[in-house]
Amino acid sequence: MPKQPALRSTAIPAALSLTLIAASASVFSQEPVSAWPSKPTTIVVINIAGSGADAEARLYAGKLTELLGKPFVVVNRPGAAGVIGASSVAKAPPDGYTYLAATTSFSVQPAFSATPPYVIGKDLVAVTLMSGAPIMLVASTSF
């Protein structure tokens, strides 16, 4: 029976992310790290269900649920180049129980809005890098 590299490849990043998420949760919630999580944690994905970002978030959520014994729930809130999902996270209580899984399109969104509904760095703060993917520019050999 072949090994499942997807689950194994997410175990180490999930464990590393867990450390950073737990630290951020304790800072925002006034709850000691040892007590977190005491209730379900939501991961909001700004992409549609079935997208690469959604699949990645679900792998992390599954592993974090397994490691911590409390549910990590993935919720998809696509639309408006990530503004809908990001706004819902920015408006959530800063208690360490709501996180945003965003893609690169999210990082450029403020450049296209005169009045964004949130401020990156103030309303939303980066916690961890979940994964990276190379982006290539290719052209015909005759170019």
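Averaged over its residues, the stretch 95-143 has an accessible area of 77 Å² per residue, based on protein heavy atoms and a 1.4 Å probe. A Förster distance of 30 Å, applied to the separation of the beta-carbon atoms of Ala81 and Phe143, puts the FRET efficiency at 0.50. Solvent-accessible area assigned to carbon and sulfur over the stretch 63-143 amounts to 64 percent, based on a 1.4 Å probe.
Ellipsoid semi-axes for the stretch 40-143, based on the Cα gyration tensor and the rule √(5λ), read 26, 20, 11 Å when sorted largest first. Of the listed residues Lys63, Lys91, Lys39, the order by accessible area with a 1.4 Å probe, largest first, is Lys91, Lys39, Lys63.
The values are calculated or read from the model by the stated rules, or taken from the named source; none is laboratory data. Keep in mind the model is a prediction, meaning the values are calculated, not measured. Cβ: placed from backbone, ideal geometry, glycine included. Neighbour counts: every protein chain shown. Note: areas computed on protein heavy atoms with side chains; ligands, DNA, RNA excluded. Shrake-Rupley method; radii C 1.70, N 1.55, O 1.52, S 1.80 Å.
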